[in-house]
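Undergrad: A single structure is presented below for examination.
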Amino acid sequence: MAWWSEYAARIEPDAALDKLTWFKLGGRAKWLFRPEGVDDLASMVRRARGEGVSVRVLGAGANVLVRDDGVDGVVVRLDEPAFRGESIDGCRVTVGGGADVMPLARRLAKTGLAGLEFMAGIPATVGGAIRMNAGGLGGEFGDVVRRVRVMKPDGTIEDWDRDRLAFGYRTSSIRDEVVLSAELELCSDDPDEIRKRYDAQFAAKRASQPLVDKSAGCIFKNPPGLSAGALIDRAGLKGTRCGKASVSHRHANFIVADPDARASDVLSLMDVIKRRVLDHWGMELQAEIEVW
Ligand code: EPU
């Protein structure tokens, strides 16, 4: 019997991942697992570890490029209600790792809880936003995190406070752990004012970034004190194309994918951009997206 047969009701073998990412391309997962709760997840990660099978979590799929040959392991999606709940106690909000951040920010705004407006226009789950310390000029997700409950690869559960999370520019100390839930510290404000800030942030992003195209947001990290977008733009790369992937005309740090694009098109274009920026500016860009 297959090692995963006891989870068969929640596992899809040879699962397409393209529709689960914002790029809408890339290969398949050997297994896609949607645990029904924490115990189910713990049991599976232990079992997979025993079988030598890798486990990774896919959040909103907004910062990930899946290679064309796919993922040789288990991809977990925390879609079930057990991973998406929220509870509010004053300005503290405990929220599941699989919850979507933008709808959460809008719901909290209605109740007069401020602090997530900077996430307008940044698709993410709570777990993904913590792992990547998602954000922009308006703030970073780590700024509002007090504590996180994680599951380690051996299935045990720990609470990590913010010092242990070591938030940095688009990084945290989360590696192979699964974010089960997080405690956020927000502040109270007038719902209309919060909503105005949220909408203004969204409008600014829409004006400067190709949000309607298929992309993974900014491809490269900003070098300290500089904008990767401006460096790529001023190296003359806007519109440069590899196969069905091209450098956005709206924001040069976005690669946009046409229908039927392959992950290899995006990877080739990333190489072209890196080489040209190195030649032109003497600077080596680091990828911000995760390549699976
Ligand atoms: N610029 C250009 N050409 C371009 C793009 C930008 O000249 O093609 C110039 C802009 O005119 C501006 C400067 O570069 O003077 C900075 O641009 P922008 O305000 O768009 O900010 P950014 O540094 O390119 C960062 C984050 C974004 C985030 C925005 C707004 C990174 C890599 N990028 O972009 O994050 O949305 O600030 O807060 O940290 C992401 O992480 O996926 C992302 C999109």
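Undergrad: With the condition kept exactly as written, say whether any residue in segment 253-267 is within 16 Å of the ligand (Cβ to nearest atom) and either hydroxyl-bearing (Ser, Thr, Tyr) or more than 17 Å from residue 67 (Cα to Cα) (or both).
TA: Checking segment 253-267: at least one residue is within 16 Å of the ligand (Cβ to nearest atom) and either hydroxyl-bearing (Ser, Thr, Tyr) or more than 17 Å from residue 67 (Cα to Cα) (or both).
Undergrad: Still on this structure, please answer the following. Test residue 189 against the criterion of being in contact (Cβ under 8 Å) with a residue 40 or more places away in the chain, more than 8 Å from the ligand (Cβ to nearest atom) and more than 23 Å from residue 26 (Cβ to Cβ), and give yes or no.
TA: Details: in contact (Cβ under 8 Å) with a residue 40 or more places away in the chain: yes; more than 8 Å from the ligand (Cβ to nearest atom): yes; more than 23 Å from residue 26 (Cβ to Cβ): yes.
Yes: the conditions hold for residue 189.
Undergrad: Do we find a residue being under 20 Å from residue 21 (Cβ atoms) and modelled with pLDDT of 95 or more anywhere in segment 227-241? I'd like the intermediate steps shown before the answer.
TA: Keep residues of segment 227-241 that are under 20 Å from residue 21 (Cβ atoms), which gives none.
There is no residue in segment 227-241 that is under 20 Å from residue 21 (Cβ atoms) and modelled with pLDDT of 95 or more.
Undergrad: Working only within segment 187-199, note down all residues that are farther than 27 Å from residue 23 by Cβ and surrounded by 15 or more Cβ atoms within 10 Å (Cβ to Cβ). Break it down into steps so the answer makes sense when it comes.
TA: Quick first cut of segment 187-199, residues farther than 27 Å from residue 23 by Cβ only: 187-197.
Across segment 187-199, the qualifying residues are 189, 191, 194, 195, 197.
Undergrad: Another question, if that's okay. Against the conditions (1) more than 11 Å from the ligand (Cβ to nearest atom); (2) closer than 24 Å to residue 212 by Cβ; (3) open to solvent by 70 Å² or more (accessible area, probe 1.4 Å), where does residue 249 fall short? Just the number, please.
TA: Checking residue 249 against (1) more than 11 Å from the ligand (Cβ to nearest atom); (2) closer than 24 Å to residue 212 by Cβ; (3) open to solvent by 70 Å² or more (accessible area, probe 1.4 Å), the one that fails is (1).
Undergrad: I've got another one for you. Please find, among 95, 101, the residue that is open to solvent by less than 10 Å² (accessible area, probe 1.4 Å), away from the ligand (no atom under 16 Å from the Cβ), of a type in the set (A, V, I, L, M) and touching a strand residue (DSSP E or B) at 6+ places or on another chain (Cβ under 8 Å). Let's see the steps before the verdict.
TA: Details: 101 fails: away from the ligand (no atom under 16 Å from the Cβ).
Matching residue, one of 95, 101: 95.
Undergrad: Can you tell me which residue is nearest to the chain's Cα centre (by Cα) among those in segment 92-144 that are more than 18 Å from residue 217 (Cβ to Cβ) and among the basic types (Lys, Arg)?
TA: The residue in question is 106.
Undergrad: For segment 106-153, which positions are within 17 Å of residue 62 (Cα to Cα), crowded, with 23+ Cβ neighbours inside 10 Å and among the small types (Gly, Ala, Ser)? Walk me through how you get there before you give the answer.
TA: Step one: filter segment 106-153 for residues within 17 Å of residue 62 (Cα to Cα), giving 118-136, 140-141.
Narrowing further to those that are crowded, with 23+ Cβ neighbours inside 10 Å: 119-120, 122, 124-132, 134, 141.
Listed by number, the residues that qualify are 120, 124, 127, 128, 129, 134.
Undergrad: Looking at segment 46-70, which of its residues are touching a strand residue (DSSP E or B) at 6+ places or on another chain (Cβ under 7 Å), open to solvent by 10 Å² or more (accessible area, probe 1.4 Å) and aliphatic (A, V, I, L, M)?
TA: So the first thing to find is which residues in segment 46-70 are touching a strand residue (DSSP E or B) at 6+ places or on another chain (Cβ under 7 Å), and the list is 48, 53-60, 63-65, 67, 70.
Among the residues that remain, those that are also open to solvent by 10 Å² or more (accessible area, probe 1.4 Å) are: 53-57, 59-60, 63-64, 67, 70.
Answer for segment 46-70, where residues must be touching a strand residue (DSSP E or B) at 6+ places or on another chain (Cβ under 7 Å), open to solvent by 10 Å² or more (accessible area, probe 1.4 Å) and aliphatic (A, V, I, L, M): 53, 55, 57, 60, 64.
Undergrad: Go through segment 162-186 and give me each residue that's buried (at least 17 other Cβ atoms within 10 Å of the Cβ), more than 16 Å from the ligand (Cβ to nearest atom), within 23 Å of residue 221 (Cβ to Cβ) and among the charged types (D, E, K, R).
TA: 162, 177
Undergrad: Could you check how many residues of segment 200-214 are under 18 Å from the mean Cα position of the chain (by Cα) and open to solvent by 20 Å² or more (accessible area, probe 1.4 Å)? Before the answer, list the steps.
TA: To start, the set of residues in segment 200-214 that are under 18 Å from the mean Cα position of the chain (by Cα) comprises 202, 205, 209-214.
So of that shortlist, the ones also open to solvent by 20 Å² or more (accessible area, probe 1.4 Å) come out as 202, 205, 209, 211-214.
Residues flagged as under 18 Å from the mean Cα position of the chain (by Cα) and open to solvent by 20 Å² or more (accessible area, probe 1.4 Å) within segment 200-214 amount to 7.
Undergrad: If you take the residues in segment 215-235 that are open to solvent by 50 Å² or more (accessible area, probe 1.4 Å) and within 17 Å of residue 272 (Cα to Cα), which one is nearest to the ligand (Cβ to nearest atom)?
TA: Checked segment 215-235; the qualifying residue nearest to the ligand (Cβ to nearest atom) is 233.
The values are calculated or read from the model by the stated rules, or taken from the named source; none is laboratory data. Here the structure is a predicted model, which means the values were calculated and not measured. Here the Cβ is made from the backbone with ideal geometry for all residues, glycine too, and neighbour counts use every protein chain on show. Note: accessible area is taken over every heavy atom of the protein model, side chains too, but ligands, DNA and RNA are not part of it. Shrake-Rupley method; radii C 1.70, N 1.55, O 1.52, S 1.80 Å.
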